[in-house]
1. With a cut-off of at least 1 residues that are under 24 Å from CYS223 (Cβ atoms), touching a Gly at 6+ places or on another chain (Cβ under 6 Å) and without any contact (Cβ under 8 Å) to a residue 40 or more places away in the chain, name the strands (runs of 3 or more DSSP E) lying wholly within the stretch 29-139.
2. Of the residues in the stretch 303-322, how many are of a type in the set (Gly, Ala, Ser) and surrounded by fewer than 24 Cβ atoms within 10 Å (Cβ to Cβ)?
3. Let me spell it out: the conditions are (1) out of contact with any strand residue (DSSP E or B) (no Cβ under 6 Å at 6 or more places or on another chain); (2) of a type outside the set (Phe, Trp, Tyr); (3) crowded, with 18+ Cβ neighbours inside 10 Å, and LEU159 meets all of them except one. Which number is the exception?
4. VAL196 fails exactly one of the following numbered conditions: (1) over 21 Å from TRP344 (Cβ atoms); (2) modelled with pLDDT under 95; (3) crowded, with 18+ Cβ neighbours inside 10 Å. What is the number of that condition?
5. If you check THR172, THR114, THR180, which single one turns out to be surrounded by fewer than 22 Cβ atoms within 10 Å (Cβ to Cβ), modelled with pLDDT of 95 or more, closer than 24 Å to PRO247 by Cα and among the β-branched types (Val, Ile, Thr)?
6. Report yes if some residue within the stretch 263-272 is touching a Leu at 6+ places or on another chain (Cβ under 7 Å) and not acidic (Asp, Glu); otherwise report no.
7. Considering only the stretch 262-279, I want to know if a residue exists there that is modelled with pLDDT of 95 or more, among the hydrophobic types (A, V, I, L, M, F, W, C) and buried (at least 20 other Cβ atoms within 10 Å of the Cβ).
8. Considering only residues that are farther than 18 Å from VAL125 by Cβ, touching a residue at least 40 places away in the same chain (Cβ under 8 Å) and either in contact with a Pro (Cβ under 8 Å, 6 or more places away or on another chain) or assigned to a loop (DSSP other than H, G, I, E, B) (or both), which ones fall in the stretch 286-303?
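The values are calculated or read from the model by the stated rules, or taken from the named source; none is laboratory data. Just so we're clear, the structure is a prediction, and the values are computed from it rather than from any experiment. FYI the Cβ positions are ideal-geometry reconstructions off the backbone, even for glycines, and counts take in every protein chain you see.
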Amino acid sequence: MAAYLSYAAIALLLLVLYLSLDIMGILSRRNKFDVDGRTVLLTGGSYGMGRSLAALLSSRGASLILVARDPAKLASAVEHAKSHAKHPSTQRFTYISADVSSEAENERLLKEATAWNNGKTPEVVWAHAGSASPMLFVESSIETQRRQMDLNYWAACYLAHKTLRAWLYPETPYPAQTKTDGEKKAQPEPPRYFIVTSSVIAFVNIAGYAPYGPAKTALRALCDALNMEILLYNGARRSNKDTGTSPAPFDIHVRAIFPGTIKSPGLEQENKTKHAVTHLLEESDPAQTEMEAAVAAIKGLERGDFMTATNWLGEVLRISSLGGSKRNGVVRDTLGQWLTSLVWLVAGPDMEGKVWGWGKKEGMPEFRPEGSR
């Protein structure tokens, strides 16, 4: 028993040392999301955080294909991204107008993007499109709930399905990766990235987001599954067994971004339908500009994080609700879970008490079904 206690004490000291070095920035990390010279397809890239993401990706040397519905906004976003180009003479920019809530439109936009990219599926595909319609559940229509799922879940799911198939099983099969004795093993291509923008609501849903939260929570679950499932193909690339189907000559990484409150025209639209009790629950939440959220997202990708929350509160919520999700850092996330489990002993009842207290103070809410306001 004494020996076990000694080992535990040493392990604890090592954990504290690691955290201290990490916090001080001594443990530097290389950029794990280098987009210089690569093509990025970004849905929802015409305004808000998406427009800022496009500018940041351009400043890092990426060629861009922006996707949204409004051609005028897309053209403006493309020009904005061009103005931030790292290599103005070699980077390329275009846009595709599409309704990403349609499966057929996702198939079309990916084909058009591939053709524009000289027959090559873009190396980075980012499903960022989304929109919230916050309101009380009983007041929302079933149509709105379906639309929220279509745009905030199915749009990304359709794009993931078609992109991963294109990367893993292209129409023209990859050449067999064979080598004779004495030959050097072929160098793999840089990894491909499929990125999804979810929301901090995926970690903890609250009153007033019932129409929106389930879609974003489903996105998180999809990313958890894909992150594990893609290892099958990444592993197959390293296998010596010939199955008759050549694996892709690159690894694939799945990443998820979780923004919180963003000061944007989208937030102004959300506030038109948001119930007062939801405002109460969010009144102390940190709010970011579109660019601040975009910068945090890119930094998380460059660190190699699987799940990136764009502000401190989102990071606390992420750590507190990890479950079986992949950890960004075993030490940080494990210690963080211990701490946040204690925080929720206070935070959970406090939030529930605010909602209960609102009902007690204000009485039965007037029933205002969607469309009657």
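1. Of the strands (runs of 3 or more DSSP E) lying wholly inside the stretch 29-139, those with at least 1 residues that are under 24 Å from CYS223 (Cβ atoms), touching a Gly at 6+ places or on another chain (Cβ under 6 Å) and without any contact (Cβ under 8 Å) to a residue 40 or more places away in the chain span 63-68.
2. The number of residues fulfilling the criteria is 3.
3. All conditions pass for LEU159, except number (1).
4. Evaluating VAL196 over (1) over 21 Å from TRP344 (Cβ atoms); (2) modelled with pLDDT under 95; (3) crowded, with 18+ Cβ neighbours inside 10 Å leaves (2) as the failure.
5. On the way: THR172 fails: modelled with pLDDT of 95 or more; THR180 fails: modelled with pLDDT of 95 or more.
None of the others qualify; the one that does is THR114.
6. Taking the stretch 263-272 first, the residues touching a Leu at 6+ places or on another chain (Cβ under 7 Å) are none.
Scanning the stretch 263-272 turns up no residue that is touching a Leu at 6+ places or on another chain (Cβ under 7 Å) and not acidic (Asp, Glu).
7. no
8. The one that is farther than 18 Å from VAL125 by Cβ, touching a residue at least 40 places away in the same chain (Cβ under 8 Å) and either in contact with a Pro (Cβ under 8 Å, 6 or more places away or on another chain) or assigned to a loop (DSSP other than H, G, I, E, B) (or both): ALA293.
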